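Structure record follows, encoded as structure tokens.
The values are calculated or read from the model by the stated rules, or taken from the named source; none is laboratory data. Just so we're clear, the structure is a prediction, and the values are computed from it rather than from any experiment. Virtual Cβ from ideal backbone geometry, glycine too; neighbours counted across all protein chains shown.
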């Protein structure tokens, strides 16, 4: 289904797809078994991505990158979504938020990140601050012209490979009629900074090898030059740049669902029971029909949301709908695919149990389904004064 | 030196082929199509010749339906300089026979004057393995088929051919028709900058009539059938058991 795409966009999608099939799939079983990406495999994926000009292709031509628009980048990530997140992390796509770098931050962080010389990670979540970001307790206090940071972040994906982390930290509190409200600032924190530690997080059922890390700040001293954007301007940089991570979840869910669907379709067309292919049973065939209908719907919803961004239209609600629907669709599709395979679907001889486990996190990270529903309904109701 | 690379749009090698209900051929409606994998190897080799400074220009040519334009764009995204599309059919199920393709290619060669024609040894759809040889005969050029290695020195090319039972190395005089086999190289992915550039590269559109070639089929397809299903195998526990089973079956 390539509705409305031009030849160039289709070629971008098919190139990334064959890259994932040839360069990512063969290593997946190893990563799943060991929970690690061997350094030489990571380096090879990165080198090939750089050679092909796909590294940091979400960044503009002004910083020497391909400058794909949102729709094109969604296609890239959709096809990447077919493969292991642990491995395709090295098909580098640094955080857009680095475009907020100013002055010498450009040469210290932005340029090395888009060239693949330094890798980044993004840290917001804390044990006590999930959906409620503003309730974070990781805080920085002024000491002379520096900031002194104390606190903990967790669930920090990619921090194991990061050379620096973009960290959101509370830098004060305003008293408002609704009660105290924290002021947030984004900081660039280098690995190895005194008082800053990156350590292993929890063992997750989803995306083995794509580790969630814990960051610890213990009287970590940061000068003003490490502030990304303005002091107390954390929510501004967040709102300007971080909308895109939800499209990533949506479009990757679509890509993975298509891969899962191919297994289901093939099985329905070849497995025989009661003297016929199981796909001949209406109970199975209707499930196949429902799966592909939902996948196509999620695909269109996601590409349409990305296209709205390219056209400069408001897209907050549409992105939330895409993230909500695509992640929930993936849960249903992976579950049904296992049901069609029967007992074998649960065995790790097939990758289906992995896709099923991996699917679980998509409804949680980058804004839970409940938060997305909140965003969607608020967008509609607030306009009517409710 | 110009290198001409004929490329064919064929059913993708990952697609499970289905015979049409009336047995007139393979169903190609709504099926994923790609560049013939052997032709991809030929494009790759032509680009490598250019990168090595042995070729000045790589021209991809495709003969078939209008949608073969996508196949040519792929060749351009890999690194070919320009493309020629010869529209010779308007139905995806109409396959142009090797002799007609060779006649059109002969006319293209006469117009473009390449020093080398690099083609796939055969297309994976009907496995004819004839176009390159026919083109060589029509032009009176030397030919080397099924090659796994190629080096060009001046007016001569040294090629290694994959023949039954081994490898054969021969020299051919240029200009030549060289058909490539699987092990010659591993084709590259199109790079993102090249994908972006492909749209701006020239793609000239012609028809079979422009070259005065009659593409009416000379062959009649009597029937197309699925290959017979293979009987299930058995597992044997030892070499002795294998030998005795083979003896029982009268195979040894």
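Worth a mention:
- All of B:198, B:232, B:208 fail the test of being within 14 Å of chain A (Cβ to nearest Cβ) and in contact (Cβ under 8 Å) with a residue 40 or more places away in the chain, apart from B:198.
- Restricted to the range B:179-195, and to residues there that are outside any loop (DSSP other than H, G, I, E, B) and within 10 Å of chain A (Cβ to nearest Cβ), the residue that is nearest to residue A:91 (Cα to Cα) is B:192.
- Screening the candidates A:24, A:41, A:45, A:50 for the property of being over 18 Å from residue A:112 (Cα atoms) and either within 14 Å of chain B (Cβ to nearest Cβ) or part of a loop (DSSP other than H, G, I, E, B) (or both) yields one hit, A:24.
- Looking only at residues of the range A:86-100 that are part of a loop (DSSP other than H, G, I, E, B) and touching a strand residue (DSSP E or B) at 6+ places or on another chain (Cβ under 7 Å), we find that the one that is farthest from residue A:245 (Cα to Cα) is A:94.
- Meets criteria (at pLDDT below 95 and either within 30 Å of residue B:196 (Cβ to Cβ) or out of contact with any helix residue (DSSP H, G or I) (no Cβ under 6 Å at 6 or more places or on another chain) (or both)) for residue B:92: yes
- Of the set (1) modelled with pLDDT of 95 or more; (2) surrounded by fewer than 18 Cβ atoms within 10 Å (Cβ to Cβ), all apply to residue B:19 but (1).
- Look at (1) more than 20 Å from residue A:144 (Cα to Cα); (2) surrounded by fewer than 22 Cβ atoms within 10 Å (Cβ to Cβ); (3) at pLDDT 95 or above and you find that residue A:221 fails only one, number (1).
- Any hit, the range A:57-76, residues being more than 21 Å from the chain's Cα centre (by Cα), surrounded by fewer than 23 Cβ atoms within 10 Å (Cβ to Cβ) and more than 14 Å from chain B (Cβ to nearest Cβ): yes
- Residues of the range B:98-111 satisfying the condition of being closer than 12 Å to residue B:213 by Cα and either within 14 Å of chain A (Cβ to nearest Cβ) or touching a residue at least 40 places away in the same chain (Cβ under 8 Å) (or both): B:99, B:100, B:101, B:103, B:104, B:105, B:107, B:108
- Checklist (1) under 30 Å from residue A:83 (Cα atoms); (2) surrounded by fewer than 22 Cβ atoms within 10 Å (Cβ to Cβ) applied to residue A:207, failing item: (2)
- Residue in the range A:235-242 that is out of contact with any helix residue (DSSP H, G or I) (no Cβ under 6 Å at 6 or more places or on another chain) and under 30 Å from residue A:288 (Cα atoms) present: no
- Lone qualifier among B:84, B:47, B:59 - being under 14 Å from residue B:187 (Cα atoms) and either more than 19 Å from the chain's Cα centre (by Cα) or away from chain A (no Cβ under 14 Å) (or both): B:47
- Total residues in the range B:133-160, condition part of a loop (DSSP other than H, G, I, E, B) and either within 18 Å of the chain's Cα centre (by Cα) or modelled with pLDDT of 95 or more (or both): 2
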